[in-house]
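First the structure, in the form of structure tokens, and then the observations on it.
Quick note: the coordinates plus some simple rules give every number you see, no bench work behind them. A quick note: this is a predicted structure, and the numbers were derived from the prediction, not measured. Ideal geometry is used to build each Cβ from the backbone, glycine not excepted, and the neighbour counts take in all protein chains shown.
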Amino acid sequence: MAGRQKNGEDISFLSHEDPVFFLEDKNNTNLFIRDLRERLMEIKRNSTAGTIDAVIFGGNYIRSSFGDEYMKNYLLSIKLLSAEITNVLGFEPVVMTGPKLIGGRDNVFYDNKNRRLYIERPEVGDQSSQSYFPKDLNNQKDTWKSDFRDRF
């Protein structure tokens, strides 16, 4: 999340969350939503209208020995984050990169001064590394399935 204050200074916040924490326990879900809304309202209140950008990135969409939990959590996370951002800021965020289809970490750096997000991940070049709008989530996940078939 980034915005520009009235004095011209760029402000931002970046958050890394574990879907298991905020999806599987109703109390944690409520706590997460409350905290997220507070941060969104803070950036909205402190930014000049029309200068706010909101993006989502990261996540896993993998099958594991535990089943499809990562896949389910990814979809639920995108829906929840998108709904909250849209409700508070009035626009749908962009998902900058889809989920990882293999294990591994994303390395992320946000250059606040130049408003640029840098993402390094274990694998790029497939459909899952492309950006999309959350409203297109169902279409996107179909492309990831074809990447699964090509890979396994």
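In debye, nearest 20, what is the charge dipole magnitude of the chain about its Cα centre with +1 on Lys and Arg Cβ and -1 on Asp and Glu Cβ, if you could check?
That gives the chain a dipole magnitude of about 280 debye.
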If you look for lysine pairs in the range 26-152 that are eight or more places apart or on different chains, how many of them have Cα atoms under 14 Å apart?
7
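Show me the chymotrypsin sites (Phe, Trp or Tyr not before Pro) within the range 66-119 that DSSP assigns to loop and that have at most 13 other Cβ atoms within 10 Å of their Cβ.
Details: sites: 66, 70, 74, 91, 109, 110, 118; in loops: 66, 91.
Passing sites in the range 66-119 are 66, 91.
How high is the relative contact order of the range 1-52, given as a whole-number percent (alpha carbon pairs under 8 Å, six or more residues apart)?
Over the range 1-52, the number comes to 54 percent.
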Set Lys and Arg Cβ to +1 and Asp and Glu Cβ to -1, take the dipole of the range 42-144 about its Cα centre, and tell me which of 67, 52, 138 lies farthest positive.
52
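Tell me the mean residue ellipticity at 222 nm calculated for the chain from its helices only (DSSP H runs of n ≥ 4, each -39500 (n - 2.57), averaged over every residue, nearest 500).
Numbers: 4 runs with 62 residues, N = 152.
Calculated mean residue ellipticity at 222 nm is -13500 deg cm²/dmol.
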Give me the three principal axis extents of the range 27-119 from the C-alpha atoms, as integers in angstrom, largest value leading.
47, 33, 18
Let me check against my output: what whole-number percent is the relative contact order of the chain, with C-alpha pairs under 8 Å and at least 6 apart?
21
Longest site-free stretch - the chain; sites: GluC sites (Glu not before Pro), DSSP loop, at most 16 other Cβ within 10 Å
25-122
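Using DSSP to call loops (not H, G, I, E or B), can you name the trypsin sites (Lys or Arg not before Pro) in the range 1-98 whose Cβ has at most 16 other Cβ atoms within 10 angstrom? Write out the running numbers ahead of the final one.
Details: sites: 4, 6, 26, 34, 37, 39, 44, 45, 63, 72, 79; in loops: 6, 63.
Qualifying residues, ordered by number: 6, 63.
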